[in-house]
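Report on the following structure.
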Amino acid sequence: MNLIKKAVLTFIMAISFGASNVAFAEDAKATEVIAHIEAAIAEIGKHDFNAAYLHEKAARTASEQITGNEAVVKQGLDSIIKAQIIGKSADEEKAIAELNKALGFYKSI
């Protein structure tokens, strides 16, 4: 009987540990996207749209690797793309507004 209890406990712990690793991996990608968006906002604040574009591109790449929350990721990705388009016309306020919107979506994950 003791052996069965230990086996069941080990099985439950293995399942919960595996599920938590998936959550941490997803959170790591969301954190990476958030870091790139914040860096892009900082670069736009310095009027360096080329560096901001590189951070936005890295954020898009990292965001494609987030699984689950597809609707939220799609909305955040759309905002990043809009910010890239606006950044090409060097409209600082609108680009930062779009990036802040994207930041809100990714922070909700």
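The values are calculated or read from the model by the stated rules, or taken from the named source; none is laboratory data. Quantities reported herein were computed from a predicted structural model and do not represent experimental measurements. Protein only, heavy atoms only, side chains kept; ligands, DNA and RNA dropped before computing areas. Shrake-Rupley method; radii C 1.70, N 1.55, O 1.52, S 1.80 Å.
Worth a mention:
- Karplus-derived 3J(HN,Hα) values for the range 102-109, using 6.51 cos²θ - 1.76 cosθ + 1.60 with θ = phi - 60°, are 5, 4, x, 5, 6, 6, 7, 6 Hz; glycine and proline are entered as x.
- Taking all protein chains as shown and a probe of 1.4 angstrom, D48 keeps an accessible surface of around 60 Å².
- The 3J(HN,Hα) values that the Karplus relation (6.51, -1.76, 1.60; θ = phi - 60°) gives for the range 27-41 are, in residue order, 5, 5, 5, 5, 5, 5, 5, 4, 4, 5, 5, 5, 5, 5, 4 Hz. Gly and Pro appear as x.
- Cross-link table K29/K57; K74/K101; K46/K107; K46/K74, entries beyond 21 Å C-alpha to C-alpha: K46/K107; K46/K74
- Shape call, the range 20-105: gyration tensor on alpha carbons, a/c limit 1.5: prolate
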